[in-house]
Amino acid sequence: MAPQVHFVAFGLLILAGFNLPVSEDIVFIVSASIAATIIPENKYLIFTGCFLGAYFSDLIAYLIGRYGLHKLLKFNFFKKKIPETRIKKIETFFSKYGLKTLFFGRFIPFGVRNILFITAGLIKMKLVKFLLVDLSALFLTSLLLFNLGYSFGKNYQDIFPYLNKYKLLVGGIFLIMIFSFFLIKKRKNYLKKRSKK
């Protein structure tokens with residue numbers, strides 16, 4: 001299994017292009033960690049698999065926006081995954097800030113990237129422009145994520161005892177972050193309902 005990591009990473013990232021719940025960040029970090037701990041001789045191959053998977057994934061999302069979004073939004077699954085309100089917000093950002101939105105938006109995880117790429121297709125951004133801006137942003141994010149995962153993999157023996165020592169503190173911070181996220185989301189929903197009245 002381990003020698004085929006580059007194919008697995010590529011496949012998972014392609015699925016992410018279809019708006020399936022696959023985290024690009026996690027795929028990069030885990031793949032890099034495997035490269036560091038199990039098959040360091042394949043690190044460049046694994047990086048290439050991740051990079052190409054992410055790049056083609058972005059292109060798939062763009063093409064969905066350009067040629068198939070209106071048809072897809074007829075299905076409830078995609079309606080929930082790609083709310084029209086979020087698309088309209090991103091369209092507004094595109095009209096104001098153009099290519100900067102695409103470049104800096106690539107650094108935002110949790111499904112924002114895909115909606116951004118779909119919207120770029122929807123507003124019919126020139127394909128060459130999209131590919132060049134996305135390539136430059138992906139180059140930075142992929143290097144950052146892969147190096148992070150690789151460093152973690154190389155130093156996991158030092159990191160785990162440290163985490164174990166401070167697990168209550170780390171766990172507490174993690175729970176506070178999750179709780180804060182839900183509170184913010186709940187507040188946003190409340191304010192939306194209030195503004196509609």
How much length is gained if the chain between residue 148 and residue 20 is pulled fully straight, taking 0.36 nm per residue apart and subtracting their Cα-Cα distance, in nm to one decimal?
43.7 nm
If I take R0 = 35 Å and measure r between the Cβ atoms of residue 128 and residue 7 in this structure, what FRET efficiency does the formula 1/(1 + (r/R0)^6) give, to the nearest 0.05?
0.75
For residue 38, distant residues with modelled amide H under 5 Å away:
none
A correct Karplus calculation of ³J(HN,Hα) over the range 140-154, with 6.51 cos²θ - 1.76 cosθ + 1.60, θ = phi - 60°, whole Hz and x for Gly and Pro, returns 6, 5, 5, 4, 4, 5, 5, 5, 4, x, 5, 5, 4, x, 5
XL table 96/192; 129/193; 126/192; Cα-Cα > 27 Å flagged, in table order, is 129/193; 126/192
The percentage of Cα-Cα pairs in the range 87-151 separated by more than 15 Å is 50
Expressed in nm to one decimal, what extension gain is obtained for the pair residue 140 and residue 67 from 0.36 nm per residue of sequence separation less their Cα-Cα distance?
23.4 nm
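Here, each number is a calculation from the coordinates, and none is a lab measurement. What you see is a predicted model; the values in this text were computed from it and never measured. Counting neighbours? That spans all protein chains shown, and the Cβs are built from the backbone with ideal geometry, glycine included.
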